[in-house]
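The values are calculated or read from the model by the stated rules, or taken from the named source; none is laboratory data. The structure displayed is predicted, hence computed values, not measured ones. When we count neighbours, we look across all protein chains shown, and the Cβ atoms used for this are built from the backbone with ideal geometry, even at glycine. Just so you know, the surface numbers come from the protein's heavy atoms only, side chains and all, with ligands and any DNA or RNA stripped out. Shrake-Rupley method; radii C 1.70, N 1.55, O 1.52, S 1.80 Å.
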Amino acid sequence: MNKIVIVGVITLLTACTGNPVKHPPESQVCEGTTQLPATLSASFTAVENPALLASALGKPEKGSLCQGQVYRANADTRVAIYRAWNSTNPGSVYGHWWAFTQPTGSIAQYRENFEICYQWSPLDKLVTCTLKAGTEVVVGNGQSARCSEYLTYPVSAIQQVYLADAADSTHNCTQATAVFGWQ
């Protein structure tokens, strides 16, 4: 009886200290869908590429995708993709993670929607490109990302686009620089 009471007290005290209650990462459920928006469905064909899919999926609290589907851009595709990146690392302009929509709103909300830890990028540049025909991409929803003991982004229903080699898979790219815009 004393052991049960002590365990119960320890659990209660841990919960009252303000430390977050942690559930095992395995209990996370992916949100959203891997289906393309109707406006893009004619530009892609679903294909099987287990190796590409595996490279895009991540473990809980490590970022990447929670779930995904591989698609191939059709011959007549003119799909624009967007990537916010880190100007202090010029090699990151053609990184793996992209979106079908241009970033809008607050940077904090963008980070949460796409699980981008502050350590990974200041998000101070934007590149907009067009996918080349035949390019295979993974479309999926973001996996949770633990940025620090104080900040963990949950899984997200927002779709992301993963490219294995964006430098060779895109063309007609333009760049923009972030500027302060306070509200």
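Computed values, structure above
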read-out	value
Unmet criterion (only one of (1) of a type outside the set (Lys, Arg); (2) in a loop (DSSP other than H, G, I, E, B); (3) free of Cβ contacts under 8 Å to residues at least 60 places away in the same chain) for Gly95	(3)
Which numbered condition Thr101 fails, given (1) within 21 Å of Lys62 (Cα to Cα); (2) open to solvent by 80 Å² or more (accessible area, probe 1.4 Å)	(1)
Identity of the residue in the stretch 127-151, part of a strand (DSSP E or B) and aliphatic (A, V, I, L, M), that ends up most open to solvent (accessible area, probe 1.4 Å)	Leu151
Residue, farthest from Thr174 (Cα to Cα), within the stretch 63-98, restricted to residues that are open to solvent by 60 Å² or more (accessible area, probe 1.4 Å) and modelled with pLDDT of 95 or more	Arg72
Residue match in the stretch 37-59 (condition: open to solvent by 60 Å² or more (accessible area, probe 1.4 Å), assigned to a loop (DSSP other than H, G, I, E, B) and touching a strand residue (DSSP E or B) at 6+ places or on another chain (Cβ under 8 Å))	yes
Some residue of the stretch 110-126 being assigned to a strand (DSSP E or B) and either open to solvent by less than 20 Å² (accessible area, probe 1.4 Å) or out of contact with any Gly (no Cβ under 7 Å at 6 or more places or on another chain) (or both)	yes
Residue among Gly140, Gly134 that is within 21 Å of Gly63 (Cβ to Cβ) and at pLDDT 95 or above	Gly140
Selection from the stretch 166-183 of residues that are assigned to a loop (DSSP other than H, G, I, E, B) and farther than 21 Å from Ser87 by Cβ	Gln183
